[in-house]
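Please treat every number below as a calculation from the coordinates, not as lab data. What you are looking at is a predicted structure, and each value in this text was computed from that prediction instead of being measured. Glycine also receives a Cβ, built like all others from the backbone with ideal geometry; neighbour counts cover every protein chain displayed.
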Amino acid sequence: MNPTNSVLIIGATSGIAKSLANEYSGLKYDLILLARNVNRLKPLQSDLQLKYGNNIILVEFELLETNFHEKILNDFSFLPETTISAVGYLGNHDLALTDFNEANKILQSNFTAIVSLLNLIANRYASKGKGTIVGISSVAGDRGRMSNYIYGSAKAGFSAYLSGLRNRMYNHNVHVITVKPGFVDTRMTEHLTLPPLLTSSPQHVARKIIRAIQKKKNMLYISSKWKWIMNLIKIIPERIFKKMKL
Ligand SMILES: NC(=O)c1ccc[n+]([C@@H]2O[C@H](COP(=O)([O-])OP(=O)(O)OC[C@H]3O[C@@H](n4cnc5c(N)ncnc54)[C@H](OP(=O)(O)O)[C@@H]3O)[C@@H](O)[C@H]2O)c1
């Protein structure tokens, strides 16, 4: 394994992450997959290794246990030069309005705990003078809406963090990409009825992320439809927006 042709994927049991693992294996990249239940990744690991002959290392981690983040990285024999964070938790919005434990879990899982891990990775990349960090945020962070503003505010915080990190890392030759998917057909959304025209497959998302890394994009809306929808939503004046049921 060598750092240049390998990728670290955080939250590797995610639908999008599994598609990324598939695509990168097809490109003969080696992978370090971080997940809180690595047993769920063993069938994928053996399928991909058999098909593509790449190395895939599975590492168990719990994102919310931030005290262990440094140890997890120290235990790696090397750090891949590309890191993709696919971790996320939609949570139960209605519950989060009355139970702060749920609200806090949403905020930590989508924002603060990822900051802990990405700070450590960014510092290591900065001292080596190279690396790429991809954070999967969401269009939900573009403007707070009544239906999901706890998750949305965590993603807004994460998008702002990635923007600042990109700015800080520029002089260290470390590239940071913010990914903003709209609806994606994964476990996160399986309880929802999604509009087909506004929904992407995880394979499509994975391919667009890999292309964005190759092209050194800064910001990636997975679908241009969502980019336009969010641009419109963002310009609605607050005095009108506050009366809308969104
Ligand atoms: N699906 C969508 O419509 C959509 C839209 C916009 C943005 N996104 C974002 O895209 C990214 C990937 O999501 P997805 O759609 O692929 O959803 P997903 O299949 O539900 O994946 C979420 C991942 O986060 C992991 N995770 C959550 N909390 C964790 C914790 N405390 N410790 C370790 N791992 C944890 C999950 O692990 P377990 O498997 O162990 O639960 C899972 O691997 C997320 O950041 C999500 O917010 C998704």
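Structure values in brief
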| quantity | calculated |
| --- | --- |
| The chain, dipole about Cα centre (Lys/Arg Cβ +1, Asp/Glu Cβ -1), debye to the nearest 20 | 1080 |
| The chain: angle of helix 202-214 to the longest principal axis, Cα-based, in degrees nearest 10 | 70 |
| Volume per residue of the C-alpha convex hull in the stretch 133-246, rounded to whole Å³ | 113 |
| Residues Ile9, Ile57, Ile236, sorted so that the one with the fewest Cβ neighbours within 10 Å comes first | Ile236, Ile57, Ile9 |
| Subset of Lys28/Lys180; Lys71/Lys217; Lys180/Lys245; Lys155/Lys245; Lys155/Lys243; Lys128/Lys234 violating a 29 Å alpha-carbon distance limit | Lys71/Lys217; Lys128/Lys234 |
| The stretch 81-92 - phi-based ³J(HN,Hα) in whole Hz, Karplus 6.51/-1.76/1.60, Gly and Pro as x | 7, 10, 10, 10, 9, 10, 6, x, 8, 6, x, 10 |
| C-alpha center-to-center spacing [the stretch 64-83, the stretch 92-129] in angstrom | 15 |
| Max mean-square fluctuation residue, GNM over the chain, Cα-Cα springs under 10 Å, options Thr13, Thr83, Thr193 | Thr193 |
| Dimensionless Rg over Rh [the chain; C-alpha; Kirkwood] | 0.96 |
